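Okay, so here's the structure we're looking at.
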Amino acid sequence: MNIARRYEAGKKWWKSTEEPSKLEWGLMLIVLLFGTAFFLYGDIQATIEHSFNLIDSVLQGRFFDFYQIAIENNTFGHPAVYDIPIYVIFAVWNIPIYLVFKMTGIDYLASFPCMLWSKLMVVLFVVLTARALYLLARELGIEKKRSKWIVFFFLTSTTLVIPCFVIVQYDIISVFVMLLGMKAYVRGEKRKFILYFILANTLKMFSLFIFIPLVLLKEKKIIRILGQCILGVSGLIACKLIFSSNVFYQISTKSFSSLLINRLQTTGFTWQYEVYVLPIFIVFIVGLFIYAYIMEAKDERELGYYAVYIATVAFVGLMTLILFNPYWMVLISPFILLVIFMNPRFFKLNILLETIISAILLFVSIVINYWVFGQSTMTRMLFGVFYPEGRSARFTTINDLFRTLGLDKYINFAFGALVACVIAFFIINYPSKVFRNLPMKLKNQETVERSVVWSRCAVPCMLIGMMLLLVVIPGKNMVYSVSAEASIDLENNLLQEGQVACEKIRLDKTLQVESVEVAFADIAFEWIDYSAVNFDIYLEDELLGHYESAANLMENGVAKFELADMVLDKDKTYLVKIYGTNGKDTPLKIKINLNTDDNQTTVGGKDVKGDLCMNMYGKEVGL
């Protein structure tokens, strides 16, 4: 009976989803606290250092020399690339560790408590943003319990957890200010709306992509539109005018700004003279501006729906149509959730689309920006105490794991799925008359299923799990190595009859060899090419093992062979033979390192100077 009652109670709890449970809040808090303590990508360290430079410039009475001081005093070779407000925010927050640094001389960039303090500023803005999102949801007419679900979904979003708790980037500050501006906009507080966006536009210029269409959505007179747009960028203009005559400001910011502008124009197709590119995102965003101008909301509620939809379209379109940076994923988190909860239908489908869009953005980031999702992102925080940076690891980045599994080859497929899901999301959530005319009390009534909630949370948790693998899975131990650096590619094609590379190796220690890598010329073998690379090892005339590897699976010209822990004895001479079979048109050319000549090497039956570029992994036996 007790078991039956517990089952019924558990079943009732599982279906009782009017608002997030204490268990869900608790699990979310554990994950976010873990992320806070264990992850930090290095870019923020450069900003922390420049916040110290800003404090120095103020204390020295050289505020206008800040960008020069930042160039002269930096560890990472990064100038201060942003306008001054972001450094002011960091400087104010970092005053405590600045004082500790001045009193003790501590290496604050290598100090876990100092990095944790700086990271807590990002965490604080996440909390403030969650609060602002809740208040905006309530202002839009979403009931209290459903608004709590929006906050929970926001705090467990892949597009929030990864940029803020793993990478630790500060676009969340801009998002916070934008949400305050949106709240003022929905309430009809024009002055507050413009003031908030004046600040947001000085932090990151991405806010312009929603500020301009929001002005166009409400204002239809050209003079008013121009006036408000000029006011909106006045803070940005002021920041640039203050340092306009400073050559170090120009050196630090102009090139970086040009790089960002180029990213907006990368995706497109060539038109005139096959040189100039028609940027799809520019077409998209201008079209959104026009759409905002021609739309007319009949009341404040309808205006709020249009405003949220336009902001979502702008930022989701931005992440889809440009060469994006994983830092910027946080831009879409709050707005896409507001749209989902304001739509009276398709809740489960919308959450599924949001999850897929977020997961694909993460997947693309891991493959393209692979260095961000690497071992060093963990070793800068608490894990660095136990697993110092540079320790031997099987995988140094998650993309290394993806490449081993062959997942990196599906990036174009993933991007195609991303575009399809984005288009579907835009269509499903278009603010049609059916949605707009429904009474607010009929909105947002679909059940929030716990299976959907927990499945969605699995994406950031899987990323955290894969990050843990980078420090948990031990690296291969290299027991024999002839580097491929400073090597040459021999002209002999090992796929031709009689072309065999042979080398006699005499070991000074007994080895248990797990695997062998052999370097060849980095020539791409097409998938249809069925050539094979063969690796034979002999002791005197006895064949100890024959191994094969597909030529079309080589990466960077490296063929890999698994030897299954073969033991090679000390003071014995082994003969290695490397050759190809089933040769087609693509040649197989082996690399020779001319800087080492410890072994007798022949290629095509002729002696050659140098040794084969080969690495063996395993362990020494008998130590």
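Summary table
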| item | result |
| --- | --- |
| Principal-axis tilt of helix 280-294 within the chain, Cα atoms, nearest 10 degrees | 10 degrees |
| Rounded to whole Hz, the Karplus (6.51, -1.76, 1.60) HN-Hα couplings of the stretch 37-50, x for glycine and proline | 7, 10, 10, 6, 7, x, 4, 5, 5, 5, 5, 4, 4, 6 |
| For the stretch 306-320, 3J(HN,Hα) per residue [Karplus equation, 6.51 cos²θ - 1.76 cosθ + 1.60, θ = phi - 60°, Hz, x = Gly/Pro] | 4, 4, 5, 4, 5, 4, 5, 4, 4, 7, 5, x, 4, 6, 8 |
| Cα long-axis angle, helix 84-93 against the chain (0 to 90 degrees, to the nearest 10) | 90 degrees |
| Net charge of neighbours whose Cβ lies under 15 Å from the Cβ of S51, counting Lys and Arg as +1 and Asp and Glu as -1 | -2 |
| For q = 0.11, 0.13 Å⁻¹, Debye-computed log10 I/I(0) when each Cα of the stretch 41-142 counts as one equal scatterer | -0.39, -0.52 |
| All lysines inside 19 Å of K619 as judged from Cα atoms, apart from same-chain residues fewer than 8 positions distant | K476, K509, K560, K570, K572 |
| Solvent-accessible area, 1.4 Å probe, carbon plus sulfur percent, for the stretch 15-172 | 67 percent |
| Rough spin-label spacing in nm, given labels placed 7 Å along Cα→Cβ, for M103 and I237 | 4.6 nm |
| Between helix 112-139 and the chain: long-axis angle, C-alpha atoms, 0 to 90°, nearest 10 | 40 degrees |
| Which listed pairs, of K145/K192; K22/K183; K220/K240; K183/K348; K190/K221, have C-alpha distances above 21 Å, in listed order | K145/K192; K22/K183; K220/K240; K183/K348 |
| Exposure of Y293 as accessible area (Å², to 10), given a probe of 1.4 Å and all protein chains | 90 Å² |
| Anisotropy class of the stretch 274-383 from Cα gyration tensor, a/c 1.5 cut | oblate |
| Protection proxy ranking, peptides 562-568, 201-207, 255-261, 465-471, average beta carbon neighbours within 10 Å, highest first | 201-207, 465-471, 562-568, 255-261 |
| Solvent-accessible area of E548 with every protein chain in place, 1.4 Å probe, in Å² to the nearest 10 | 120 Å² |
| Residue-normalised accessible area of the chain, given per residue in Å² at a 1.4 Å probe | 47 Å² |
| Given charges at beta-carbon only (K, R positive; D, E negative), |dipole| of the chain in Debye | 4320 debye |
| Calculated FRET value between L323 and E491, using beta carbons and R₀ = 41 Å, to 0.05 | 0.55 |
| The stretch 293-413 - percent of accessible surface contributed by carbon and sulfur, probe 1.4 Å | 62 percent |
| Per-residue ³J(HN,Hα) for the stretch 590-601, Karplus 6.51 cos²θ - 1.76 cosθ + 1.60, θ = phi - 60°, Hz, x for Gly and Pro | 8, 8, 10, 8, 7, 7, 10, 9, 8, 10, 7, 10 |
| For the stretch 265-297 versus the stretch 89-125, the gap between their alpha-carbon centres in whole angstrom | 42 Å |
| Accessible surface, 1.4 Å probe, highest first, among residues D536, D408 | D408, D536 |
| The stretch 482-568 - percent of accessible surface contributed by carbon and sulfur, probe 1.4 Å | 47 percent |
| Added length on full extension, which subtracts the Cα-Cα distance from 0.36 nm per residue, I411 to Q600 | 63.6 nm |
| Cα centroid of the stretch 356-379 to Cα centroid of the stretch 182-252, whole Å | 32 Å |
| Cβ-based net charge around T159, under 13 Å, with every Lys or Arg adding one and every Asp or Glu removing one | -1 |
| Potential extension, F269-I230 segment - 0.36 nm per residue separation minus Cα distance | 10.8 nm |
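The values are calculated or read from the model by the stated rules, or taken from the named source; none is laboratory data. Everything numeric here is computed off the predicted structure, so don't read it as measured data. Here the Cβ is made from the backbone with ideal geometry for all residues, glycine too, and neighbour counts use every protein chain on show. Remember, those area values only see protein heavy atoms, side chains included, never the ligands or the DNA or RNA. Shrake-Rupley method; radii C 1.70, N 1.55, O 1.52, S 1.80 Å.
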